[in-house]
Amino acid sequence: MKMADPKKAVIVGYDAVSPLGTDINIQWQRAIQGESGISELTRFPLRDDFPVRIAGQVDEIDTTPYPFLSARDLANWTSPIFKYAMLVVHRALENSGLRITSELSPRTAVTFSSAVGGQDALIKADRKMIAQGKLPHPFTNSNSCINMIGGKISILTNATGPITSTITACATGLTSMIIADAFFKLGKADIAISGAVDFPLVEPIVGGFATMNGAFSPKEGSPEESPEKASRPFSKNRRGFVVSEGAGCVILTTKEFAETHGLKYSVEIAGWSMTSDAHHFVAPNFKTVSKCIHESILDAGISPDSIDAVNAHAASTRVGDKVEYDSLKSVFGNTIPPVSANKSLIGHAMGASSAIESIFTIMGMQNDTLIPTINYTPDPDMKLDCVSDGKRSLSQEFVLKNSFGFGGCNSCVVFRKIN
């Protein structure tokens, strides 16, 4: 085991919105009960021939309690990524008990980002130009600029430390926490506002996932199934991911800062790794994925048999799930720990998924509980304990969180519960 490191990143607060709800405690209760957040797609009118009919959608929120989300303040920020990003950041800071004063501001980093960003604003402007000949709204480019999310969060919180957009496709949320830990170790920050937001339920984006054979499509000629049964990671009958939306924020500080300022924490980042596949634009590479998993455990200063559970990336694609399984097997042999696949409940919220799933991981560690994987039919080619029989009571000291993104962006973190 590594010696205690005062610069180690600890989690002092978090918040999320997902297809399971906009209150984090309600989301947790629904998750441990194995409830699905997948339903009919209603974000835009569906043409008869549109190939995607279901999605994971986030409910509208009451902005009344939040002056910074007033209609006037949001008038120019039409993409929902800004509203929900600022909401989860504000609530995560409240959850932490941390107030970013003028003294703390220069030591506060922002690594909060997005995989897709506000492309909805650009698409809307383009369609308006074609249909009506009108030039774009002055804030169109600002809405579609991905790093503007971090900028708006910086303005909201008065964080003036390092700021970066950790865009690594589906791994964006997890990468944001890794970069925060790196800033701490370099001595560049004491606090980090990390996480990700994605609201990709926009017609051409969803349609694009369908044409690349990523989004869920029912088997031709099979009986119609309810939307809740569509997302089925590691399952023999998996048929692609369900596109969803959401946001998650994790507030991290160094262990030294948390103890000096009386902030409560029970989970730390024990180790991490990032690798690049250099292989294919979407298909994962077994060699570099397994390397990422192995290196994150090595960085934590432990052996694979110390990992109590795995929170998997598990998008429900045939190739992706198999490579993740093969990589787990290469590291753990025949003793792969219990695996929880949260996308079975919330679908795939792109870069925000790994942030939301990390929060569920942290809550699971705090509550000695593993979230169930629903819709699971065992695949004989992947022998896994997917916690498919309901929530499970399990004390967890070390949990591995995997996240793998388009372009071969791999991020893995080992979380440690501190007793």
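The table below lists the values:
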{"item": "Residues of the stretch 124-146 classified as surrounded by fewer than 17 Cβ atoms within 10 Å (Cβ to Cβ) and either among the hydroxyl-bearing types (Ser, Thr, Tyr) or closer than 22 Å to Phe406 by Cα (or both), total", "result": "1"}
{"item": "Near pairs, Cβ below 6 angstrom, 6+ apart or cross-chain, from the stretch 43-61 (closer than 16 Å to Thr211 by Cβ) to any residue that is surrounded by 14 or more Cβ atoms within 10 Å (Cβ to Cβ)", "result": "Pro51/Ala210; Val52/Val206; Val52/Ala210; Val52/Ala215; Arg53/Leu41"}
{"item": "Unique residue being in a loop (DSSP other than H, G, I, E, B) and surrounded by 20 or more Cβ atoms within 10 Å (Cβ to Cβ) when the list is Ser165, Ser194, Ser222", "result": "Ser165"}
{"item": "Inter-residue pairs, beta-carbon under 7 Å, first part of a helix (DSSP H, G or I) and in the stretch 309-330, second hydroxyl-bearing (Ser, Thr, Tyr), 6+ apart", "result": "Ser327/Ser290; Ser330/Ser290"}
{"item": "Residue count for the stretch 254-265, restricted to those that are of a type outside the set (Val, Ile, Thr) and touching a helix residue (DSSP H, G or I) at 6+ places or on another chain (Cβ under 6 Å)", "result": "1"}
{"item": "Wholly within the stretch 1-112, helices (runs of 4 or more DSSP H) carrying at least 2 residues that are in contact with a strand residue (DSSP E or B) (Cβ under 7 Å, 6 or more places away or on another chain) and crowded, with 21+ Cβ neighbours inside 10 Å", "result": "24-32, 80-96"}
{"item": "Residue list for the stretch 200-232, filter: over 15 Å from Ile38 (Cα atoms), under 22 Å from the mean Cα position of the chain (by Cα) and small (Gly, Ala, Ser)", "result": "Gly207, Gly208, Ala210, Gly214"}
{"item": "Single match in Ala247, Ala283, Ala300 (criterion: without any contact (Cβ under 8 Å) to a residue 60 or more places away in the chain and aliphatic (A, V, I, L, M))", "result": "Ala283"}
{"item": "Single match in Ser273, Ser290 (criterion: among the hydroxyl-bearing types (Ser, Thr, Tyr), in a helix (DSSP H, G or I) and either under 22 Å from the mean Cα position of the chain (by Cα) or within 22 Å of Asp198 (Cβ to Cβ) (or both))", "result": "Ser290"}
{"item": "Yes/no for Ala115 being crowded, with 21+ Cβ neighbours inside 10 Å and of a type in the set (A, V, I, L, M, F, W, C)", "result": "yes"}
{"item": "Count of the stretch 365-399 residues which are hydrophobic (A, V, I, L, M, F, W, C) and either under 11 Å from Pro338 (Cβ atoms) or not assigned by TED's automatic domain parsing to the domain that holds Ser353 (or both)", "result": "7"}
{"item": "So Ala300, is it under 23 Å from Lys343 (Cα atoms), assigned by TED's automatic domain parsing to the domain that holds Val399 and among the aliphatic types (A, V, I, L, M)", "result": "no"}
{"item": "Some residue of the stretch 276-283 being of a type in the set (Gly, Ala, Ser), at pLDDT 95 or above and either buried (at least 24 other Cβ atoms within 10 Å of the Cβ) or under 28 Å from Ser395 (Cβ atoms) (or both)", "result": "no"}
{"item": "Options Lys401, Lys383, Lys391: the member that is touching a strand residue (DSSP E or B) at 6+ places or on another chain (Cβ under 6 Å), at negative phi and surrounded by fewer than 19 Cβ atoms within 10 Å (Cβ to Cβ)", "result": "Lys391"}
{"item": "Val319 vs. criteria under 30 Å from Glu203 (Cβ atoms), in the same structural domain as Ile371 (by TED's automatic domain parsing) and at pLDDT below 95", "result": "no"}
{"item": "The stretch 390-414 - residue that is among the charged types (D, E, K, R) and assigned to a loop (DSSP other than H, G, I, E, B) and, of those, nearest to Phe332 (Cα to Cα)", "result": "Glu397"}
{"item": "Scan of the stretch 366-380 for residues that are polar (S, T, N, Q) and surrounded by fewer than 13 Cβ atoms within 10 Å (Cβ to Cβ), ordered by number", "result": "Thr377"}
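The values are calculated or read from the model by the stated rules, or taken from the named source; none is laboratory data. Everything quoted here is computed from the prediction, not taken from an experiment. Please note: Cβ atoms are built from the backbone with ideal geometry, for glycine as well, and neighbour counts cover all protein chains shown.
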